[in-house]
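The next block holds one structure in the form of structure tokens; read it before the comments.
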Amino acid sequence: MANRKHLQSAIAVSFLVSLLMPLFPGLCGAAGNKKPALPAVNGSGRMELFFEPMDGEGWQLFFLADMVRKRLGAAELRVYPLVIKNADGTFSARRGEVEFAESRRLAVLAKNYPSLVPAYLGARSMNPSAEGWRDSALFAGVNPDNLERLSAAEGAAELAAVMARAAALGVTSTVLLLDGRPYGGAQRLMPLFDAVNAALPAARRQAPPAGYKPRPKAPPPGFWVVLSSGIQKNNALVAVFDKYFEDIKASVLDYAGPERAAKFPWLEFVPAYIISATPEAKSRLEAELKAGLFREKDGFLVYEDRQRSGFYAGRAARENTLELFVMSQCPYGVLAETSVFDAEKNKLLPPGLKVELHFIGTAVKNDKGGWDFSSLHGEAEWQENARQLFIARRFPEKFRGYLAERNRSVNSPDWQKAASAAGVDPAAVTKGFEEAKAMLAEDFAVSSQLGITTSPSFVLNGRQFLVGVGELVKVPGFEKVPAPGQPGAGCNSK
């Protein structure tokens, strides 16, 4: 199973460094300086950032764009929040009410005080607490009491206007637009500076320092991103590759297309990020290769991204089946189980859907012919996994009752109480524990073969891969699954 810890850590460190940049923007204008949200003009050097206020990639783009704005006095930066439009026409945020409240404030600021938004966000990055927005507004020159009043009165309407503008521009996720088009360069300071500077009218561009001559650069290796319908490129991940190989350019291929079939016929999962296995590439990625982060195949290094959603192209379809992969003592997995099984009980899932529960961990045969198990939360967790599998298969009509009762206090050693409450004889479970262990070894092999390490994860119809309830509810037919308090959170064993 691929170990994704190093590359994911690189992404996290990249975000952390960006969030801790010593950014102290000055006031960009006086309070009350209102400007209309004008359409972008080609050749204006105007930047527009659409992002979710608690998303690391969006913040990284903001810091870069704001630094460029301050260096290039002729450039302009507008920032808009992205939210989710619900089936009933209301809006929500992927990360809960705190993010949604910040989105309302940003929408109101973007309409009423657009020139002050960079100063507000710069201050907000240094004071991210729930009430930090008040001091951030003061720093930017906005009365926080007025901002609170406007957010309550106009926030919903302004969010609707922002989302309408996003739809008109074709924006569905975090993106930085330059003169109305997505910025496609590297997420580093100088590539963005050069792009914005080149977009300005010639008379307003900044010239390079006198006598400066750029140093020649070694060409980066070939780089391909393979996607399928409904799956988007992870720009944050592309930015990490750019840190390893400066100015690397991704060629995006469709899994169903002839070019992918000819070049990577063996590919089984998308999204996949593939680079040529040149000696230079293998040298720079030596630690990641040793960690098993990439697999080498036919002269290529392949990273399969299972952080959000994906597609098991090489797996057989299982129509009308939802597989839920969890760790039994992962709090986020427990929340996901509750959401899905409550939806099943209340007939909120697609008709006839079969729901299967699987567990995440490893099982290795020992020299005595038995099994050695490993689970993120320890021995008690894999033992509970085994009990749940045994009850699900031997007492299927009583399993939902056991799980509901057990999840009230899943860390308690007194599992017998939950079994008795569900009408399951604890003695029968204890007697069948060796059989349960064999079931668990078989079940762990399923999650290992699929490379699933995050609890909760879902596989729909045998092929569609989704991490967290937040991704599941985006799928038609699953919109009514109750979202837990942190729908995007999870436990990762790698």
Give the stretch 252-265 a look and list any residue that's touching a strand residue (DSSP E or B) at 6+ places or on another chain (Cβ under 6 Å) and either in contact (Cβ under 8 Å) with a residue 12 or more places away in the chain or surrounded by 19 or more Cβ atoms within 10 Å (Cβ to Cβ) (or both), or say none. VAL252, LEU253, TYR255, ARG260
Within the stretch 190-212, tally of residues that are in a loop (DSSP other than H, G, I, E, B) and surrounded by 10 or more Cβ atoms within 10 Å (Cβ to Cβ): 5
Quick one: would you say ASP305 is acidic (Asp, Glu) and touching a strand residue (DSSP E or B) at 6+ places or on another chain (Cβ under 7 Å)? yes
Requiring at least 3 residues that are touching a residue at least 60 places away in the same chain (Cβ under 8 Å), assigned by TED's automatic domain parsing to the domain that holds ALA161 and closer than 17 Å to GLY58 by Cα, the helices (runs of 4 or more DSSP H) wholly within the stretch 90-150 are 117-126
Got at least one residue in the stretch 376-383 being without any contact (Cβ under 8 Å) to a residue 40 or more places away in the chain, among the hydrophobic types (A, V, I, L, M, F, W, C) and either farther than 18 Å from GLN449 by Cβ or touching a Cys at 6+ places or on another chain (Cβ under 6 Å) (or both)? no
Going by the structure shown, is ALA419 in a loop (DSSP other than H, G, I, E, B) and surrounded by 15 or more Cβ atoms within 10 Å (Cβ to Cβ)? no
Against the conditions (1) outside the structural domain of SER103 (by TED's automatic domain parsing); (2) touching a residue at least 40 places away in the same chain (Cβ under 8 Å), where does ALA210 fall short? Just the number, please. (2)
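Residues checked against (1) over 14 Å from LEU357 (Cα atoms); (2) free of Cβ contacts under 8 Å to residues at least 24 places away in the same chain; (3) in contact with an Asp or Glu (Cβ under 7 Å, 6 or more places away or on another chain):
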position	(1), (2), (3)
ASN385	no, no, no
LEU389	no, no, yes
ARG393	no, no, no
PHE399	no, yes, no
TYR402	no, yes, no
ASN411	yes, no, no
ASP414	yes, yes, no
ALA427	yes, yes, no
GLU435	yes, no, no
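The values are calculated or read from the model by the stated rules, or taken from the named source; none is laboratory data. These figures come from a predicted structure and were not determined experimentally. Every residue, glycine among them, receives a Cβ derived from its backbone with ideal geometry; neighbour counts consider all protein chains shown.
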